[in-house]
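Working notes, beginning with the structure itself.
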Amino acid sequence: MATRKRYDYDDEIDKKVKVNKSTIKHLLGIYKFILPYRGFFIAGMVCLVFSSAITLAFPFFTGQLIDTSLGKPLDTGIIIGEVFEIERDKYDFLARDINMIALVLILILIIQSVFSFLRVFFFARVSEMGIADIRKALYQKLITLPISFYDSRRTGELMSRLTADVSLLQDTFSITLAEFFRQICIFIIGLSILFWETPKLTLFMLGTIPILVISGLIFGKYIRQMSKKTQDEMANANTIVEETLQAIHVVKAFTNEFFEINRYRHTLDKVVNTALKTASYRGVFVSFIILAIFGGIVGVLWYGTGLVEKGEITIGDLTAFVIYTMFIGGSIGGLGDIYSQMQRAIGASERVKEILDKESEFDFMIMQPQMRFKGNIALENVHFTYPTRQDMEILKGINISIKAGEKIALVGHSGAGKSTIIQLLLRFYQLDKGSISIDGKNIQDYPLLTYRDNVSVVPQDVMLFGGTIKENIAYGNPEATDKEIMESARKANAFNFIDSFPEKFETVVGERGIKLSGGQRQRIAIARAILKNPSILILDEATSSLDAESEQLVQEALEELMKNRTSIIIAHRLATIRKVDRIYVIENGKIVEEGTHEALTNIDKGLYSNLIKLQMLDG
């Protein structure tokens, strides 16, 4: 079995991620989420600038300490009670003696530590609160997007947007951005000090910077490509885990445990090989940077000692210069890694923004009016093609008329278009042609949530959430009382089996309701629908996969549910729809027969009568 790549469109986005005006605009679009916390952000930036500036005072006083220890005379005017002194021609902050300079150095470290703590604290506040807002906005957007959006997306992909991409943005908010400004501050302030103190030595040192920058760009680009390849291989491995765990019953039924284990191991081997290759190139790059930096320091020491011999600078000046050079070199080297992280953040911001910019089905902030439908339904000349399958028309001029309170059935072979009609009634998709109306009004003219509040579905494959029975029933009406929940369970023939559990309504059903039988899940779904109290009820093969006893209990519950409601039933077991008011037989997207069970049975060589005969033979 070939390993599938996880998200094809992700690869396309990552290939195009470049730092330009357009991509920066995407990132800034995400940064709007920190605007409500700009006070903390500004405070963090102030602490960052002070922290960086104070850090750069350390090399200066270290040089003064060395000069003082060598007995260099201080031709300065002393201001009594102050630590610092002022020369006639320039401001030169010097301590009176070694002990005082040492105390100044300790004071610098303490102040720098305080500002560093405040910087981390403020940026953490901005990051955590801003990222929480992004997650809320992204989840809200995902929940309100139309079904057509999900037809072309995989669940794992969307989970990646909500987890991996947002986490990457969080790192950018809390670490990368702060480090970027910190390195810039160190570079600018440090270079300014060096030009002020030792201009000749500074110009000599700057000759090594282009080598670092150019090599950083070349190596950095290649390492990013290798890292991307590692991520792709890891995505393949995660896809295997995701698919096998979701289909664990199939894996075990076909005894393919060893096959899947070997497939996963083979994919992980690719991950390891690619990661080791990436690590090798990164190691070469790091070694080169270290060689270039320390080679530059050796060159600076060689040139600087010459200046010391000539008396143009002191040993303390040279020592301070070397430390400053290490700080500046480290900031330049750090900018390369930060640039790489910024690129990944821009890619993540593009993917997140892509979802946030999608149009929702409805405006979440606008209250939807409450309305109760009578239940008259009319489908007129309905044509439909799925957005993801434009080459195949599913419905070809469907006409159906249902009066309020009637029970009708849709019958036909798989793929005839029955379930598509249901999805259109739920407004999951837009029609290509024709119209659907409820109580004489086009369904598109109703507010979406108001419309769907009047429609309820009991599907064949019931989806239960992993919480308690009570929570699953209450999903039909989250504001329902315990008494109403219990009453809906009684009407659904579910109360007895629920009451038999030790924890009763607080029983946890497990993921997708796995701890309950098929019949029990169906009755929970019916209780949920009863609690919703819809005007229009849709039963999508609700009893097709049940045993005889469960089917009888579910059928009784369905009879209770269908009372005084317009009901649309999709059924393969034709015996369950004998009592409906009208049956529509669909073939190849068209209605080929309609009438009561008795009328359709008597049509010689009719499709419905043929289906009846086939089921009798199967029975």
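Quick notes on this structure:
- Region 457-482, subset among the β-branched types (V, I, T) and buried (at least 18 other Cβ atoms within 10 Å of the Cβ), residue farthest from I526 (Cα to Cα): I469
The rows are residues; the columns are (1) of a type in the set (V, I, T); (2) exposed (fewer than 14 other Cβ atoms within 10 Å of the Cβ); (3) modelled with pLDDT under 80.
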{"site": "K136", "(1), (2), (3)": "no, yes, no"}
{"site": "Q170", "(1), (2), (3)": "no, no, yes"}
{"site": "A178", "(1), (2), (3)": "no, no, yes"}
{"site": "I186", "(1), (2), (3)": "yes, no, yes"}
{"site": "T198", "(1), (2), (3)": "yes, no, yes"}
{"site": "T202", "(1), (2), (3)": "yes, no, yes"}
{"site": "I209", "(1), (2), (3)": "yes, no, yes"}
{"site": "D232", "(1), (2), (3)": "no, no, yes"}
{"site": "L245", "(1), (2), (3)": "no, yes, no"}
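- Restricting T305, T278, T267, T274 to those that are modelled with pLDDT of 80 or more, assigned to a helix (DSSP H, G or I) and touching a Lys or Arg at 6+ places or on another chain (Cβ under 9 Å) reduces the list to T274.
- Whichever residue in region 462-474 is hydrophobic (A, V, I, L, M, F, W, C) and part of a helix (DSSP H, G or I) and, among such residues, is farthest from R452 (Cα to Cα): I469
- When E380, E354, E359 are checked against the criterion of being acidic (D, E) and within 30 Å of D581 (Cα to Cα), a single residue qualifies: E380.
- G415 meets all of the listed conditions (1) within 28 Å of A571 (Cα to Cα); (2) at pLDDT 85 or above but one, namely (2).
- From the options K374, K418, K403, residue that is among the basic types (K, R) and closer than 21 Å to V592 by Cβ: K418
- Elements of type helices (runs of 4 or more DSSP H) in region 110-206, at least 2 residues being within 30 Å of I328 (Cα to Cα) and within 15 Å of the chain's Cα centre (by Cα): 166-171
- Residues (assigned to a strand (DSSP E or B) and surrounded by fewer than 19 Cβ atoms within 10 Å (Cβ to Cβ)) located in region 583-611: E587, K590, V592, E593, E594, G595
- Residue count for region 387-422 satisfying the condition of being in a loop (DSSP other than H, G, I, E, B), of a type in the set (A, V, I, L, M, F, W, C) and farther than 19 Å from E541 by Cα: 2.
- Only one of the numbered conditions (1) more than 30 Å from the chain's Cα centre (by Cα); (2) crowded, with 21+ Cβ neighbours inside 10 Å is violated by T420, and that is (1).
- Checking each residue in region 227-268 for being in contact (Cβ under 8 Å) with a residue 24 or more places away in the chain and under 18 Å from M159 (Cβ atoms) picks out D232, M234, A235, N236, A237, N238, T239, I240, E242.
- Residue list for region 308-332, restricted to those being of a type in the set (V, I, T) and outside any helix (DSSP H, G or I): I313, T314
- Residues that are without any contact (Cβ under 8 Å) to a residue 12 or more places away in the chain number at least 2 in the following helices (runs of 4 or more DSSP H) confined to region 475-537: 482-491, 495-499.
- The criterion of being in contact (Cβ under 8 Å) with a residue 60 or more places away in the chain and either of a type outside the set (A, V, I, L, M, F, W, C) or touching a Gly at 6+ places or on another chain (Cβ under 9 Å) (or both) holds for Y446.
- Residue list for region 425-461, restricted to those being of a type in the set (A, V, I, L, M), in a strand (DSSP E or B) and under 32 Å from the mean Cα position of the chain (by Cα): V455, V457, V458
- Test set (1) more than 28 Å from the chain's Cα centre (by Cα); (2) in a helix (DSSP H, G or I); (3) under 27 Å from R427 (Cβ atoms) - I355 fails condition number: (1)
The values are calculated or read from the model by the stated rules, or taken from the named source; none is laboratory data. These numbers come from a predicted model, not from an experiment. Note: ideal-geometry Cβ built from the backbone for every residue, glycine included; neighbour counts use all protein chains shown.
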